[in-house]
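FYI, it's all coordinate maths here, none of it is from the lab. This is a predicted model, so every value here is computed, not measured. Cβ placement follows ideal geometry from the backbone for every residue including glycine, while neighbour counts extend to all protein chains displayed.
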Amino acid sequence: MRKQSSSNAVSGSAKSPAKPACLMEMEKREAHFRAQGFDSAAGIDFVLSKILPVSGQVLEIGSGKGRFLTALARRAPLARITSVDIDPAEQAVAAQNAAYQGVADRVQFAVRDAARLGWPGNSFDAVVTVNAMHHLPEPDRAIAEMVRMLRPGGKLAICDFDPATFYLMDLIQQAEGKTHPHPVRCFPRWQAQLRALGFKTLTWTACHQEILLALS
Ligand SMILES: C[S@@+](CC[C@H](N)C(=O)[O-])C[C@H]1O[C@@H](n2cnc3c(N)ncnc32)[C@H](O)[C@@H]1O
């Protein structure tokens, strides 16, 4: 947990630690997106409603700023989560988020490429990824790695924006003179591949999210 500075410490009070500036910035951005029709918290709640329970060793691909990671850690108190991202700066925000939300003791971070995780196989009871697949340069290789990481009997959850939300993101980012990755939709192919590997699969599309849950 972030220490209070002596200037804002209140002796004997239960005052919460000050929110880090990077999290205030993240919340401002989320509010902007919400005003444009994208409610990231609703999407995360929907994903959790479909993939929980998870427990044991859990691998998350794409820490980002830790929105999903912290929500998962709070809602899965028996999970110990390893979160991977290729960008240490994004992960530094996720680490502050985890500390601020009081879940840092059950989260560890690794800067790695999702397509080359490097750990031995069968290391995790669950593998999850939310809104990161469309950022990965080698998504198929990343899925092969996620499958390799999963223990027999484990749960794999691949979650990304649904088609309507990809178009909404295009519009929001275009209005700011930016572009957002919008790859061809791969969920049906990934589902077929996972079924061919012997997984039982379930899918949902709602609340901005497309979810593919694969049970081994
Ligand atoms: C939009 S963020 C993920 C959102 C995050 N799950 C959340 O809940 O806020 C996408 C992340 O994927 C990461 N990423 C991009 N390429 C990657 C790769 N090859 N391996 C691992 N992470 C990667 C980016 O650095 C970025 O932080």
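Of note:
- GluC sites (Glu not before Pro) within region 125-216: DSSP coil, no more than 13 neighbouring Cβ in 10 Å: 176
- Acute angle (nearest 10 degrees) that the helix 187-196 long axis makes with the longest principal axis of the chain, alpha-carbon atoms: 60 degrees
- Of the trypsin sites (Lys or Arg not before Pro) found in region 151-210, those that fall in a DSSP loop while having at most 11 other beta-carbon atoms within 10 Å are 178.
- Pairs of Lys residues in the chain, spaced 8 or more positions apart or belonging to different chains, with C-alpha separations under 24 angstrom: 15 in total.
- Look at the Cα gyration tensor of region 46-129: its axes a ≥ b ≥ c give a/c of at least 1.5 with a/b at or below b/c, and that counts as oblate.
- When each of the peptides 59-66, 110-117 is scored by how many other beta carbons lie within 10 Å of its residues on average, the order from highest to lowest is 59-66, 110-117.
- Rounded to the nearest 20 debye, the dipole magnitude of the chain is 580 debye, with +1 charges on Lys and Arg beta carbons, -1 on Asp and Glu beta carbons, and the Cα centre as origin.
- As a rough footprinting exposure proxy, the listed residues 22, 159 were ranked by other beta carbons within 10 Å of their own, and the order from fewest upward is 22, 159.
- Packing-based exposure ordering (other Cβ within 10 Å, fewest first) of 197, 23: 197, 23
- The C-alpha atoms of the chain define a longest principal axis, and helix 21-35 lies at about 60 degrees to it.
- For the chain, the longest principal axis of the alpha carbon atoms and the long axis of helix 139-149 meet at an angle near 80°.
- Whole-number D in µm² s⁻¹ for region 37-215, Kirkwood Cα-pair radius fed into Stokes-Einstein, 25 °C, 0.890 mPa s: 150 µm²/s
- Fewest neighbouring Cβ atoms within 10 Å first, the residues 162, 170, 105 line up as 105, 170, 162.
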